[in-house]
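Accompanying notes for the structure given below.
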Amino acid sequence: MGFAEQRFNVNLSILFTELPLLERPAAAAAAGFTAVELWWPWVDSPIPEQSELDALKRAIEDAGVQLTGLNFYAGQLPGPDRGALSIPGEESEKFRANIDVAANFAQSLGCKALNALYGNRVDGVDPAEQDALALENLVLAARAADRIGAILLIEALNQPESPLYPLVSAPAAVGTVDKVNDATGLGNARFLMDLYHLSMNGEDLPQVIEQFAARTGHVQIADNPGRGAPGTGSLPLEDLLDQLKKAGYDGWVGLEYKPGDRPSAEAFGWLPVEQRAAR
């Protein structure tokens, strides 16, 4: 099967970042893609001005691409933060203030997946307190996602690059998924399987796929080492995506890799142009 059988979207928060935000959807379309995803674009504001939301919505619509994934507010990302929902005080409050804003924006563009990054451990705060707060906020996020017919994604990151993040294995993230689904009864929380992060953790990727493909709501890829495009490292990404397909995963595969020392438009040579449009 290979890459030709996949549905790819481009993450516009790591690719095409040499361009202003509002120019990125059109750049992805010019490169042949018809679907995009985003981290929360306004890192300093969980509630941006309506004019900013409207401008991004127009840019996506005018480019003719589909927004297929959106992060809730996650603090300074890229940067020192890895989410806000488990951090007591102001950051948690910002996350809660953002929930309906992000959900409504996603709904306005037909986006059906919302990603909630857990947040780092905080010195001097009991991890159990953070986990209880996280569950409260994830329940609120799951209900907001359900309101718009979307899924809530929960992601494992990697320990070397995110040493304060508690969800650094597939079982840890899926365990949190289960807690959220048990608490809401909605069943719309799903695992975000990022093959780059899991490989950085040294996990057995074929085993992870076999065990958790049925619980997976979204997949993201980058090669390892380097977090570059497929073919720049040693991960057998084509084979792994084939295994996911055979295991029944038919969702999106997010291209969440660094373009390297070149314009982003030149970082897709591994994927023929005719295979970039979603099918």
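Of the options (1) 0.94; (2) 1.22; (3) 1.15, only one is Cα Rg over 2.2 N^0.38 Å as computed from these coordinates, and that is (1). The charge dipole of segment 103-237, taken about its Cα centre with unit charges on the Cβ atoms of Lys, Arg (+1), Asp and Glu (-1) only, comes to about 500 debye. Only Lys, Arg, Asp and Glu carry charge here, each on its Cβ (+1 for the first two, -1 for the last two); on that basis the chain has a dipole of about 620 debye about its Cα centre. When shorter helices are ignored and each DSSP H run of at least 4 residues is given -39500 (n - 2.57), the per-residue value for the chain at 222 nm works out to -11000 deg cm²/dmol. Relative to the globular-protein estimate of 2.2 N^0.38 Å, the Cα radius of gyration of segment 1-160 stands at 1.06. Taking a sphere under 15 Å around the Cβ of residue 263 and counting the other residues whose Cβ falls inside, with K and R at +1 and D and E at -1, yields a net charge of -1. Restricting attention to the chain, lysine pairs at least eight places apart or on different chains and with alpha-carbon atoms under 30 angstrom apart total 14. On a per residue basis, segment 1-99 carries 39 Å² of accessible surface, using protein heavy atoms and a 1.4 Å probe. Wrap a convex hull around the Cα atoms of segment 214-279, take a quarter of its surface area, and give that in square nanometres. One quarter of the hull surface, i.e. the mean projection, equals 4.8 nm². How large is the direction-averaged shadow of the alpha-carbon convex hull of segment 65-177, in nm²? Orientation-averaged projected area of the Cα hull: 7.0 nm². Here the contact order of segment 137-222, divided by its residue count and restricted to Cα pairs under 8 Å and six or more residues apart, works out to 33 percent. The smallest convex shape that holds all Cα atoms of segment 122-279, its convex hull, gives 139 Å³ per residue. Placing unit charges on each Cβ (+1 for Lys and Arg, -1 for Asp and Glu) gives segment 186-279 a dipole about its Cα centre, and among 247, 234, 205 the Cα reaching farthest toward its positive end belongs to 247. Neighbours of residue 60 by Cβ distance under 12 Å: Lys/Arg scored +1, Asp/Glu scored -1, total -2. Dipole orientation for the chain: of the candidates 84, 188, 40, 188 has the Cα lying most toward the positive pole (charges on Cβ; Lys, Arg +1; Asp, Glu -1). Among 112, 94, 246, the largest mean-square fluctuation in a Gaussian network model of the chain, built with springs joining Cα atoms closer than 10 Å, belongs to 246.
Annotation: amide H of residue 115 within the under-5 Å range of 70, 71, 72, 153, sequence separation 5 or more or interchain, hydrogens built in the peptide plane.
Using all pairs of distinct alpha-carbon atoms, the Kirkwood hydrodynamic radius of segment 183-251 works out to 12.6 angstrom. Once each of the GluC sites (Glu not before Pro) sitting in a DSSP loop with at most 15 other beta-carbon atoms within 10 Å is removed, the chain keeps 162-279 as its longest stretch.
Just name one of 157, 217, 14: the one whose Cα is farthest towards the positive end of the charge dipole of the chain (beta-carbon charges, Lys/Arg +1, Asp/Glu -1). My answer, from the dipole projection, is 217.
The values are calculated or read from the model by the stated rules, or taken from the named source; none is laboratory data. These numbers come from a predicted model, not from an experiment. Quick reminder, even Gly has a Cβ in these numbers, built from the backbone with ideal geometry, and neighbours come from all protein chains shown. Accessible surface is based on the protein model in full, side chains and every heavy atom, while ligands, DNA and RNA are left aside. Shrake-Rupley method; radii C 1.70, N 1.55, O 1.52, S 1.80 Å.
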